[in-house]
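So the structure is just underneath, and the comments pick up after that.
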Amino acid sequence: MMSSDEMTERVINKLNEHRKKVSRRNEIVRKITFGIVDNEKKKGMGYMNTKSGILALTASMALIITATVSVFSLNMGKNITPEHTEMTDIPTTDESTEEMTDIPTTDESTEKMTDIPTTDESTEEMTDVSTTEEFTEETSVPTEDEVTQQFRELELHEDSKRVYDTFDEVHEIIQKAQQEYETNGAWLIDREKYMPYFSDSEMINSLESKSYIYHMMLNSVDYFNTAKGTMIYEGMGIEFQTNIAEKYAYEKENNCYSYYYYDEKLYHVSDDNRTYYISFGGQKSGFSMSNNDRLVTASDDGYDVAIQRHDMTNLVIAGNSCLLPQSMAMSRLSMFDAWDIVSTENILGFDCAVIEGTHADNSFRMWIDIAHGILMKYAENDEVKIETTSLELDGEVEKKVFDATGYTEK
């Protein structure tokens with residue numbers, strides 16, 4: 001039999017061997033755990049921008065740690081008796097993670113072992129990627145609400161003219177409309193919302209559809225920038241082109257009279273007489289006004305006042321007759337019970353509302369481009385007075401400059 005001293009020495013030796021095995025296991029576990037973190041960092045996963053990536057990484061590490069602690073507990077329970085535990089001061093299962101293996105608990109793993117920030121801190125501390133709110137502010141990407149705010153509600157037409165006490169009051173609303181335009185831009189409406197009405201038999205002649213057409217004719221120049229084409233006006237052939245944003249335009253009548261607009265000057269040129277003269281532009285570019293204020297009554301003189309916006313096309317004939325038919329709208333369509341939208345028709349690739357009505361004992365028909373408010377054709381008592389024969393919108397337009405060589409200024 002062994003002596004007491006021999007028994008004690010043998011137990012101590014076995015305990016020392018066990019500690020060495022545990023130490024080797026701990027080192028392996030640490031290498032595995034930190035090796036995964038290092039490999040993930042090399043792959044870039046340690047610095048993922050999304051919280052889900054960080055959570056996935058942290059969860060995988062916690063699983064390894066939990067499994068490792070369980071192995072230690074099983075080995076210790078199998079190899080060490082309670083008596084030996086007390087003798088050798090081997091940590092209990094509850095203490096093993098912290099005191100023996102120095103592996104943090106699952107709750108502590110993110111902060112103590114890997115230094116990976118918590119989910120709440122990840123965006124700011126680890127990745128330095130701005131939050132959603134910061135990203136929106138830095139890049140000035142408009143929100144859905146901000147995009148929607150660029151459109152205003154369609155103003156339904158009032159058949160009764162608004163009455164102002166004096167002409168000065170009328171002048172005031174014009175000034176306010178100009179200020180509104182400079183501050184907030186044009187009074188735009190959502191065309192995509194109303195254009196389908198014209199393919200709906202129940203909506204095509206509704207108050208909404210009529211108000212839409214009226215608005216588009218009064219404000220057509222807010223819905224395109226360049227235009228190039230030809231037209232017939234009272235039997236006269238017209239060639240025209242304009243760039244609203246760049247403020248230049250060109251127009252030619254029957255190959256005998258031309259107009260050039262640029263640098264806020266309009267050149268009136270007679271090709272037959274080889275003469276020209278210059279008038280000056282530079283008026284305010286537009287205004288944002290209620291459609292129901294465009295034709296009003298000033299009670300101090302009793303007259304109806306038609307408020308026409310400056311023709312931003314800078315074309316002498318094609319502007320107010322075709323591209324910006326505001327005069328036609330106020331003279332023919334201001335009384336909604338005098339006309340109807342009867343159908344649609346495609347002219348030159350443009351879907352048009354076909355309107356029939358009466359004015360000053362005359363019947364009329366007009367074809368209005370639904371998307372832009374351009375007058376494509378107008379007939380009175382079945383005789384065509386105005387007709388657009390070619391039209392291109394928002395394409396390239398050449399700037400034509402008048403060459404005064406051989407011409408005399410009047």
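Remarks
- Residue among 231, 195, 216 that is part of a strand (DSSP E or B), among the aliphatic types (A, V, I, L, M) and either surrounded by 15 or more Cβ atoms within 10 Å (Cβ to Cβ) or touching a residue at least 12 places away in the same chain (Cβ under 8 Å) (or both): 231
- Leading residue by the ranking (surrounded by the fewest Cβ atoms within 10 Å (Cβ to Cβ)) among those in the range 254-284 that are free of Cβ contacts under 8 Å to residues at least 24 places away in the same chain and among the hydrophobic types (A, V, I, L, M, F, W, C): 280
- Scanning the range 164-178 for residues that are surrounded by fewer than 14 Cβ atoms within 10 Å (Cβ to Cβ) and farther than 16 Å from residue 291 by Cα yields 165, 166, 168.
- Taken over the range 358-410, residues that are among the small types (Gly, Ala, Ser), in contact with a strand residue (DSSP E or B) (Cβ under 9 Å, 6 or more places away or on another chain) and closer than 28 Å to residue 205 by Cα amount to 4.
- The condition of being more than 17 Å from residue 390 (Cβ to Cβ) and assigned to a helix (DSSP H, G or I) holds for residue 329.
- Condition check for residue 133: in a helix (DSSP H, G or I), among the charged types (D, E, K, R), at pLDDT below 50 and more than 27 Å from residue 388 (Cα to Cα): yes
- Within the range 237-252, restricting attention to residues that are free of Cβ contacts under 8 Å to residues at least 40 places away in the same chain and in a strand (DSSP E or B), the residue that is surrounded by the most Cβ atoms within 10 Å (Cβ to Cβ) is 252.
- Filter result for residue 287 (surrounded by fewer than 21 Cβ atoms within 10 Å (Cβ to Cβ) and touching an Asp or Glu at 6+ places or on another chain (Cβ under 8 Å)): no
- Set side by side, the residues 333, 315, 348, 391 differ, and just one is under 22 Å from residue 189 (Cα atoms) and either touching a residue at least 12 places away in the same chain (Cβ under 8 Å) or surrounded by 13 or more Cβ atoms within 10 Å (Cβ to Cβ) (or both), which is 333.
The values are calculated or read from the model by the stated rules, or taken from the named source; none is laboratory data. Keep in mind that what you see is a predicted model, and the values were worked out from it rather than measured. So basically every Cβ, Gly included, is an ideal-geometry build from the backbone, and we count neighbours across all protein chains shown.
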